[in-house]
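Working notes, beginning with the structure itself.
The values are calculated or read from the model by the stated rules, or taken from the named source; none is laboratory data. Only a predicted model underlies this, so the values are computations on that prediction, with no experimental measurement involved. Note that each Cβ is placed from the backbone with ideal geometry, even for glycine, and that neighbours are counted across all protein chains shown.
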Amino acid sequence: MLKIKDLKAQIEDNQILKGINLEINAGEVHAIMGPNGSGKSTLSSVIAGREDYEVTDGAIDFDGEDLLDLDPEERAHKGIFLSFQYPVEIPGVTVSNFIKTAINESRKGRGQEPMEAREMLAKMREKSALLEMDKSYLSRSLNEGFSGGEKKRNEIFQMAMLEPKLAILDETDSGLDIDALRIVANGVNKLRSKDNAVVVITHYQRLLDYIKPDYVHVLYQGKIVKSGGPELAHELEERGYDWIKAENA
Amino acid sequence: MSDEILDEITASDYKYGFTTDIESDKVPPGLNEEVIRIISAKKNEPDWMLEWRLDAFRIWNEMEEPEWPNVTYTKPDFQAISYYSAPKQKKELDSLDEVDPELLKTFERLGISLDEQKRLSGVAMDVVVDSVSVATTFKKTLAEKGIIFCSMSEAIQEHPELVRKHLGTIVPKRDNFYAALNSAVFTDGSFCYIPKGVRCPMELSTYFRINEAGTGQFERTLVVADAGSYVSYLEGCTAPSRDENQLHAAVVELVAMDDAEIKYSTVQNWYPGDAEGKGGVFNFVTKRGLCERNAKISWTQVETGSAVTWKYPSCILKGDHSVGEFYSVAVTNKYQQADTGTKMIHLGKNTKSTIISKGISAGKSHNSYRGLVRVGARAENARNFSQCDSLLMGDQCGAHTFPYIEAQHPTAQIEHEATTSKIGEDQLFYCNQRGIGTEEAIALIVNGYCKEVLNQLPMEFAVEAQKLLEVSLEGSVG
């Protein structure tokens, strides 16, 4: 589904990604771990198409298409979703209006008709129930005055509504208490299928207890320096990152 | 925001820039007593009206054009303006069939089909094209309730006692330079009277349109709501594209008697000038309302047009327990300049006012809020709440806030909140990531930002205003 080849990217002449290679297939869950500043968020931003980052080398192929040629919204229309580490506030725009616009713009981008209002409403009800969100939540301004946990839950709600092929969760666990973590993870797990893939970016093993990865990668100084199965996450939890740093010094 | 996006913002063209060929009856340019006599004679006005105009002209001659607004422009050459232009259409019209087809086409291009308006929304419209009303509808329904809704010219002929009683009482001739000029040369406008205890059954609406190159438009509007009555009045305008600046100096006076309520909504979309800041309408307007006991006046405006705007719809809260409201969205783009706000003058006891102002600046424009809240010496327990927000798009525009507060009574409660924000890369990228293109994203963000004001507009007007906001900031995006 996603093939990243020797990807290099910089921001303001500061090289952050120094040759990433990664292949993700449908049905898989990958975890990307690593110390602060290793390039995890940059990688997710580059996949989503944030303009601030300049790709200097390499390629990203998504379902046989060159992703780097597409605008961020076109990538979204193809089924790429990024759950933001810091979701933005949009005052005066309700959660329901926002998600309705997002869904219909995506459908338009794919040459489909807008979703029927009734279907939309039913879907909103179903997904907000899945994430154990109060009804009033849909008519609140997007992320305005939301707690950290509510913001993250809102991200996963949108993910559930948009049903992406590839979901990237950028530190979705930060700022969540244990109950919210369980709810969010449950939402993600419900979405998992043989047709889609999830990338979980995190510092901690904690989230991976709920969303079980098939592969774990360690990102350090702009490169994937180690890959393995779920046991690698446990090892990192026990030993920290110092040994990784030492190995790559 | 990237430069590319900014370039596109400033490249947005005025959608309604076209002219219609309608035969005009026009007075040669220039302003003197003779021109005023001609205007008055052409309109077959009574002597008192002519005298009133001449008096205003003499006052205007002694006045100086004001310098205090935060705008810069080349002052109009008042001797180069033609002060009267009427479509050649003298006879009274009973139906749209009798209206010049060219004129109807103009309205269609604006998406304002009278027919549709009449049929769908039950809105009675008094259409002003180049100063003379050409179509008035729903008059009969209104007449049954005793409501008078007609052109100012007609009111001067048919209801001189009402006009004489109220004209210039809220905005006196010597109020300001442009009010004096308007008083001297106004050619038409709308007049509305709601009798005691009557609730006007429909929104009253006027579409203004400047339609003649080099013609200044001087509208005069007077709305009188008698005791216990209610009226909602809509005013909207678009203007065709012109190279030279056009002057629009309107005066609107509202009288809300005891327990009466007037809701006055405006959507303003005069030609803002081209991408280099050339041309565009000068919009120097005086709007003011007077509230008697327990009366309420609510101004709502969506201002997207004009090269220079200078406008402060105000309320004089004379009566005890009276209420004044001001809800405003002002958008400036390219080289537009707006200095707009309100004045809330609390004179009576227990008077209340609310000000919600939302400024949006893009391109190289400047957007100023200027507001005065004054609590007089006898205005016990006066309360005001003001909220002035500014939204910036790009880094070449400016937003300014000039709040003036004068409290002469110790019980006054005045609150002022102000915020400035930017449509950030972060917001746009977030929307993009969810599949929403930048143009739709800006429309979404801007409409959310203006929601409190748009909510105040009558339904059909709100939709139009929303569209207008999108058009004004269109191309704002890649």
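Numerical summary
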| quantity | calculated |
| --- | --- |
| Failed item in (1) more than 14 Å from every other protein chain (Cβ to nearest Cβ); (2) β-branched (Val, Ile, Thr); (3) touching a residue at least 24 places away in the same chain (Cβ under 8 Å), with B:Val463 passing the rest | (3) |
| Filter result (more than 19 Å from A:Asp170 (Cα to Cα) and in a strand (DSSP E or B)) within the stretch A:12-51 | A:Asn14, A:Gln15, A:Lys18, A:Gly19 |
| Complete set of residues in the stretch B:402-433 that are among the polar types (S, T, N, Q) and modelled with pLDDT of 90 or more | B:Gln408, B:Thr411, B:Gln413, B:Gln427, B:Asn432, B:Gln433 |
| Residue selected from the stretch A:52-98 under the condition part of a loop (DSSP other than H, G, I, E, B) and under 21 Å from B:Val446 (Cβ atoms), by the criterion nearest to the other protein chains (Cβ to nearest Cβ) | A:Val88 |
| Of the criteria (1) facing chain A (nearest Cβ under 10 Å); (2) outside any helix (DSSP H, G or I), which one B:Leu457 fails | (1) |
| Check on A:Thr42, within 12 Å of chain B (Cβ to nearest Cβ) and among the polar types (S, T, N, Q) | no |
| Boolean, B:Asp389 is within 14 Å of chain A (Cβ to nearest Cβ), surrounded by fewer than 18 Cβ atoms within 10 Å (Cβ to Cβ), on the phi < 0 side of the Ramachandran plot and not in a loop (DSSP other than H, G, I, E, B) | no |
| Residues of the stretch A:210-233 classified as over 20 Å from A:Gly19 (Cα atoms) and surrounded by 15 or more Cβ atoms within 10 Å (Cβ to Cβ), total | 7 |
| Test: residue in the stretch A:8-23 that is under 16 Å from the mean Cα position of the chain (by Cα), over 23 Å from A:Leu236 (Cβ atoms) and free of Cβ contacts under 8 Å to residues at least 24 places away in the same chain | no |
| Matching helices (runs of 4 or more DSSP H) fully within the stretch A:140-240 where at least 2 residues are within 23 Å of A:Asn97 (Cα to Cα) | A:148-162, A:178-191 |
| Residue check for B:Asn432: part of a helix (DSSP H, G or I) and either within 10 Å of chain A (Cβ to nearest Cβ) or surrounded by fewer than 20 Cβ atoms within 10 Å (Cβ to Cβ) (or both) | yes |
| Any hit, the stretch B:52-60, residues being part of a helix (DSSP H, G or I), modelled with pLDDT of 90 or more and loosely packed, with under 15 Cβ neighbours inside 10 Å | yes |
| Segments classed as helices (runs of 4 or more DSSP H), wholly inside the stretch B:108-206, with at least 1 members that are closer than 24 Å to B:Asn269 by Cβ and at pLDDT 90 or above | B:177-185 |
| Restricting the stretch A:99-118 to residues that are more than 17 Å from A:Phe157 (Cα to Cα) and within 10 Å of another protein chain (Cβ to nearest Cβ), the residue that is farthest from the chain's Cα centre (by Cα) | A:Lys108 |
| Residue within the stretch A:169-189 that is of a type in the set (A, V, I, L, M), within 14 Å of chain B (Cβ to nearest Cβ) and touching a residue at least 40 places away in the same chain (Cβ under 8 Å) present | yes |
| First in the stretch B:259-272 and surrounded by fewer than 22 Cβ atoms within 10 Å (Cβ to Cβ), second anywhere and outside any strand (DSSP E or B) and not small (Gly, Ala, Ser), Cβ under 6 Å, 6 or more apart | B:Asp259/B:Asn294 |
| In the stretch A:164-194, the residues that are at pLDDT 95 or above and over 22 Å from A:Val88 (Cβ atoms) | A:Lys165 |
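Matching residues to (1) among the β-branched types (Val, Ile, Thr); (2) surrounded by 16 or more Cβ atoms within 10 Å (Cβ to Cβ):
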position: A:Ser38; (1), (2): no, yes
position: A:Leu43; (1), (2): no, yes
position: A:Gly49; (1), (2): no, yes
position: A:Gly58; (1), (2): no, yes
position: A:Asp61; (1), (2): no, no
position: A:Asp66; (1), (2): no, no
position: A:Gly79; (1), (2): no, yes
position: A:Leu82; (1), (2): no, yes
position: A:Ile90; (1), (2): yes, yes
